[in-house]
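K.L.:
Handing you a structure now.
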Amino acid sequence: MEHEYPAIDNAKLSSVIKNVAKKQATDVMDPEDLEQELWVFYLEHVAHRDYPEGAIVDLIKKQGVKVARDERIDYMQFRGAFVYSPAVVRTILEDAVWVDSEDCPDIEGRIDVSRALGELNDDERRVLHQRFAVNPDTRPHFTTLETSRIERAIDKISMILNRGASRSELDIDTASEELAYPAYA
């Protein structure tokens, strides 16, 4: 069967998988393990289908988010609690907090991080909003001081979440829009 779309270049595919695994890896799952999971997914579900290159990249990214999220949930259930590293918080801010709820890959993480955002001061919320919610094309250039504020705010969210702020206080099915969409006014 001849493909309607040109097959994705192996070097590009390898680079995409490696980058997705690196971005989504957490303290729970090593990048190499996630990389292997993504290769298996590609070979079993994508390689034999006639997808354009952009769709292949999108499917791999979505699968990376799904596998990392599932691993985190398994870990939380096994240990009874999840430790939020700054890397995990950054990923949730990038992928889950300021997106439409139907596009959200990690609703539990979104709720946790959204709640923690409420404990930050206005300056911290403002700089995080500018970094993670604003379109990258119109995002302002950050000074060294602002970059440090972003990193400190991410660390602070991680500390807030790890000190015992748990989802058990929330009914996830009835979480308010205020929690789902942290406001910055």
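The values are calculated or read from the model by the stated rules, or taken from the named source; none is laboratory data. For clarity, every value in this text was computed on a predicted model and none was experimentally measured. Please note: Cβ atoms are built from the backbone with ideal geometry, for glycine as well, and neighbour counts cover all protein chains shown.
K.L.:
Among the residues of region 132-163, how many are exposed (fewer than 13 other Cβ atoms within 10 Å of the Cβ) and outside any helix (DSSP H, G or I)?
P.N.:
Here the count works out to 10.
K.L.:
Tell me, please, whether a residue that is at pLDDT 65 or above, over 22 Å from D30 (Cβ atoms) and in contact with an Asp or Glu (Cβ under 6 Å, 6 or more places away or on another chain) can be found in region 138-153.
P.N.:
Let us first name the residues in region 138-153 that are at pLDDT 65 or above, namely 138-153.
Applying the additional criterion that residues be over 22 Å from D30 (Cβ atoms) yields 138-153.
Imposing the further condition that a residue be in contact with an Asp or Glu (Cβ under 6 Å, 6 or more places away or on another chain) reduces the set to 153.
Yes; the residues of region 138-153 include at least one that is at pLDDT 65 or above, over 22 Å from D30 (Cβ atoms) and in contact with an Asp or Glu (Cβ under 6 Å, 6 or more places away or on another chain).
K.L.:
Pairs, please: C-beta under 7 Å, at least 6 apart or cross-chain, first residue over 11 Å from A68 (Cβ atoms) and in region 19-39, second charged (D, E, K, R)?
P.N.:
Within 7 Å, the pairs are E35/K18.
K.L.:
Which numbered condition trips up K66, out of (1) modelled with pLDDT of 85 or more; (2) more than 10 Å from the chain's Cα centre (by Cα); (3) closer than 28 Å to L13 by Cβ; (4) surrounded by fewer than 20 Cβ atoms within 10 Å (Cβ to Cβ)?
P.N.:
(2) is the only condition that K66 fails.
K.L.:
Among what's in region 107-131 and is of a type in the set (A, V, I, L, M) and assigned to a helix (DSSP H, G or I), pick the residue that is nearest to D70 (Cα to Cα).
P.N.:
Per the criteria, the residue is I107.
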